[in-house]
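Novice: Questions regarding the structure given below will be posed in turn.
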Amino acid sequence: MSNVVRLAKNTAVRAPNRFFSVLDFDHVQLEECLALAVSLKAARAARRPHVRPLEGLHIALLFEKPSLRTRSTFTIAVRELGGEVIEPPAEVVLGGRETISDVAKNLERWVAGVVIRTFAQSRIEAIANAAPRLKVVNALTDEEHPCQALADCLTLTEKWGSLRGRTITFVGDGNNVAASLAQAAIMLGAHVRVATPVGFELPAHVSAAIRGVTRLGGTLVETNDAVEGVRGADAVYTDVWASMGQESETDTRKTVFAPFQVNAALMGHAAPDALFMHCLPAHRGDEVTDEVIDSPTSVVFDQSENRLHTQKALLAMMFA
Ligand code: CP
Ligand code: NVA
């Protein structure tokens, strides 16, 4: 058993039963999750056995929005941790056929956990509150995308060793991905900048919560000037201008966000060899140009790969 990846240097560190937000973690849990992901990633690459805490358990994937990366990586993660997934159709589970609390109370009798992608964060809370025995993971809401932030921080840790003192600039919409990235990075001591058009800033309560979890000298700076935001940054991150559910705003947003396109000229204001990051899917030619996303300093597919390893670590901690 000595080659089996174990939970933790510190086996007392477990994840909470509910992972709605990065802020459901404290910094110890966040660092533990990233460290465990490193171990699980190495074990997978070497085809070494590792923890299988989901043996004999089922996890339900409930997705009300499209997904390539999140759905695929959670499916693989559950299977590699010994469990099985069920994928009830969204229109049956979350489409109003029965109340969301009745859905949750049914699922609670069959599965150990649910991974949910939905619209308002309150829908996840409704499921968790109706079925307290279920472990519940946020696979993206309108407000947050915490699993993405875990992968992003693992990617940066691999590149830099530590986020402490590094400057990470999110350019574009102050959306779910921006919020979760800022929460996680600031807990690891990064200087986070968020550069958005006027009217598309992080919600004020999100900024306040981020400032409340600052550690190791990390800072949050918000600006409406893309060049100022990117100046000297060690990493530049962007995301789509219109998120899922905002498709009707696509055309108007293209005009407003045009000065926030991440192109070679904007990257020229960042530090030499600054990393480019994107959660994907990317709308090439809108928020990012081909030359940037395909450049040698783009780490977008590392981020995508790391979704798997960090979600395995998260589930292993939740089901330890
Ligand atoms: N980044 C991300 O969550 O991708 P999907 O929407 O494909 O899951
Ligand atoms: N902000 C995007 C992220 C997609 C992974 C959205 O919510 O559609």
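Novice: Taking GLU201 and the conditions (1) under 18 Å from SER180 (Cβ atoms); (2) surrounded by fewer than 20 Cβ atoms within 10 Å (Cβ to Cβ); (3) away from ligand 2 (no atom under 16 Å from the Cβ), which numbered condition does it fall short on, given that it satisfies the others?
Specialist: Every listed condition holds for GLU201 apart from (3).
Novice: Can you name every residue in the range 52-76 that is among the basic types (Lys, Arg) and open to solvent by 60 Å² or more (accessible area, probe 1.4 Å)? Break it down stepwise before answering.
Specialist: Here is the first cut: in the range 52-76, the residues among the basic types (Lys, Arg) are 52, 65, 69, 71.
Selection gives ARG52, ARG71.
Novice: Related question: With the requirement that a residue be in contact with a helix residue (DSSP H, G or I) (Cβ under 9 Å, 6 or more places away or on another chain) and open to solvent by 40 Å² or more (accessible area, probe 1.4 Å), what does the range 132-146 give you?
Specialist: Residues of the range 132-146 in contact with a helix residue (DSSP H, G or I) (Cβ under 9 Å, 6 or more places away or on another chain): 134-146.
Answer for the range 132-146, where residues must be in contact with a helix residue (DSSP H, G or I) (Cβ under 9 Å, 6 or more places away or on another chain) and open to solvent by 40 Å² or more (accessible area, probe 1.4 Å): ASP142, GLU143.
Novice: Tell me, please, whether a residue that is of a type in the set (Gly, Ala, Ser), within 16 Å of ligand 1 (Cβ to nearest atom), under 28 Å from ASP302 (Cα atoms) and not in a helix (DSSP H, G or I) can be found in the range 73-83. Show your work before the answer.
Specialist: Of the residues in the range 73-83, the ones of a type in the set (Gly, Ala, Ser) are 77, 82-83.
Pick out the ones that are also within 16 Å of ligand 1 (Cβ to nearest atom) and you get 77.
Adding the requirement that they be under 28 Å from ASP302 (Cα atoms) leaves 77.
Keeping just the survivors that are not in a helix (DSSP H, G or I) gives none.
No - not one qualifying residue is present in the range 73-83.
Novice: Kindly list the number of the only condition in (1) within 16 Å of ligand 1 (Cβ to nearest atom); (2) among the charged types (D, E, K, R); (3) more than 26 Å from SER67 (Cβ to Cβ) that fails for ASP173.
Specialist: Looking at each condition in turn, ASP173 falls short on (3).
Novice: For the range 270-320, give me each residue that is of a type in the set (Lys, Arg) and surrounded by 17 or more Cβ atoms within 10 Å (Cβ to Cβ).
Specialist: Taking the range 270-320 as the starting set, the residues that turn out to be of a type in the set (Lys, Arg) are 284, 307, 312.
Once the filter is applied, which keeps residues that are of a type in the set (Lys, Arg) and surrounded by 17 or more Cβ atoms within 10 Å (Cβ to Cβ), the range 270-320 yields ARG307, LYS312.
Novice: Of everything in the range 47-103, what is within 16 Å of ligand 2 (Cβ to nearest atom), within 18 Å of ALA316 (Cβ to Cβ) and out of contact with any strand residue (DSSP E or B) (no Cβ under 6 Å at 6 or more places or on another chain)? Give them in sequence order.
Specialist: Correct list: THR70, THR73.
Novice: Kindly establish whether THR196 is touching a Gly at 6+ places or on another chain (Cβ under 9 Å), of a type in the set (Ser, Thr, Tyr) and either open to solvent by 10 Å² or more (accessible area, probe 1.4 Å) or at pLDDT below 95 (or both).
Specialist: Details: touching a Gly at 6+ places or on another chain (Cβ under 9 Å): yes; of a type in the set (Ser, Thr, Tyr): yes; either open to solvent by 10 Å² or more (accessible area, probe 1.4 Å) or at pLDDT below 95 (or both): no.
No, not satisfied.
Novice: Okay, moving on. Among the listed residues ARG284, ARG307, which satisfies the condition of being under 30 Å from GLY56 (Cα atoms) and either without any contact (Cβ under 8 Å) to a residue 24 or more places away in the chain or within 16 Å of ligand 2 (Cβ to nearest atom) (or both)?
Specialist: Numbers: ARG284 fails: under 30 Å from GLY56 (Cα atoms).
Among ARG284, ARG307, only ARG307 is under 30 Å from GLY56 (Cα atoms) and either without any contact (Cβ under 8 Å) to a residue 24 or more places away in the chain or within 16 Å of ligand 2 (Cβ to nearest atom) (or both).
Novice: Next question. If PHE119 satisfies every condition in (1) within 16 Å of ligand 2 (Cβ to nearest atom); (2) open to solvent by less than 60 Å² (accessible area, probe 1.4 Å); (3) hydrophobic (A, V, I, L, M, F, W, C); (4) part of a loop (DSSP other than H, G, I, E, B) but one, which is the exception?
Specialist: (2)
Novice: Being open to solvent by 60 Å² or more (accessible area, probe 1.4 Å) and β-branched (Val, Ile, Thr) narrows it down to one of VAL262, VAL221, so name that one. Full working, then the answer.
Specialist: On the way: VAL262 fails: open to solvent by 60 Å² or more (accessible area, probe 1.4 Å).
Sole residue among the options that is open to solvent by 60 Å² or more (accessible area, probe 1.4 Å) and β-branched (Val, Ile, Thr): VAL221.
Novice: Looking at LEU308, is it out of contact with any Gly (no Cβ under 8 Å at 6 or more places or on another chain), among the hydrophobic types (A, V, I, L, M, F, W, C) and under 19 Å from VAL22 (Cα atoms)?
Specialist: Working: out of contact with any Gly (no Cβ under 8 Å at 6 or more places or on another chain): yes; among the hydrophobic types (A, V, I, L, M, F, W, C): yes; under 19 Å from VAL22 (Cα atoms): yes.
Here the answer is yes, as LEU308 does meet what is asked.
Novice: Here is a list of conditions, (1) under 22 Å from LYS65 (Cα atoms); (2) over 16 Å from the mean Cα position of the chain (by Cα), and THR255 meets all of them except one; can you say which number that is?
Specialist: If we test THR255 against (1) under 22 Å from LYS65 (Cα atoms); (2) over 16 Å from the mean Cα position of the chain (by Cα), just (1) comes out false.
Novice: Collect the residues in the range 127-146 that are more than 14 Å from ligand 2 (Cβ to nearest atom), touching a strand residue (DSSP E or B) at 6+ places or on another chain (Cβ under 9 Å) and hydrophobic (A, V, I, L, M, F, W, C), keeping them in residue-number order. Lay out the reasoning, then the answer.
Specialist: Going through the range 127-146, the residues more than 14 Å from ligand 2 (Cβ to nearest atom) turn out to be 127-137.
If we keep only those that are touching a strand residue (DSSP E or B) at 6+ places or on another chain (Cβ under 9 Å) as well, we get 127-128, 131, 134-137.
ILE127, ALA128, ALA131, LEU134, VAL136, VAL137 - these are the residues of the range 127-146 that are more than 14 Å from ligand 2 (Cβ to nearest atom), touching a strand residue (DSSP E or B) at 6+ places or on another chain (Cβ under 9 Å) and hydrophobic (A, V, I, L, M, F, W, C).
Novice: Picking from THR141, THR167, which residue would you name as being closer than 12 Å to PHE20 by Cα and among the polar types (S, T, N, Q)?
Specialist: After ruling out the rest, the residue left standing is THR141.
Novice: Answer yes or no: is there a residue in the range 147-163 that is away from ligand 2 (no atom under 12 Å from the Cβ), open to solvent by less than 20 Å² (accessible area, probe 1.4 Å) and of a type in the set (Ser, Thr, Tyr). Walk me through it before giving the result.
Specialist: Residues of the range 147-163 that are away from ligand 2 (no atom under 12 Å from the Cβ), as a first pass: 150, 153-163.
Subsequent filtering for residues that are open to solvent by less than 20 Å² (accessible area, probe 1.4 Å) retains 150, 153-156, 163.
With the extra rule that they be of a type in the set (Ser, Thr, Tyr), the set shrinks to 155.
So far as the range 147-163 goes, yes, one or more of its residues are away from ligand 2 (no atom under 12 Å from the Cβ), open to solvent by less than 20 Å² (accessible area, probe 1.4 Å) and of a type in the set (Ser, Thr, Tyr).
Novice: Across the range 104-126, what is the number of residues that are in contact with a strand residue (DSSP E or B) (Cβ under 7 Å, 6 or more places away or on another chain), under 16 Å from PHE19 (Cβ atoms) and either in contact (Cβ under 8 Å) with a residue 60 or more places away in the chain or not aliphatic (A, V, I, L, M) (or both)?
Specialist: Residues meeting the conditions: 4.
The values are calculated or read from the model by the stated rules, or taken from the named source; none is laboratory data. Being a predicted model, the structure only gives us computed values, none of them experimental. FYI the Cβ positions are ideal-geometry reconstructions off the backbone, even for glycines, and counts take in every protein chain you see. We work out accessible area using only protein heavy atoms, side chains counted, and drop any ligands, DNA or RNA first. Shrake-Rupley method; radii C 1.70, N 1.55, O 1.52, S 1.80 Å.
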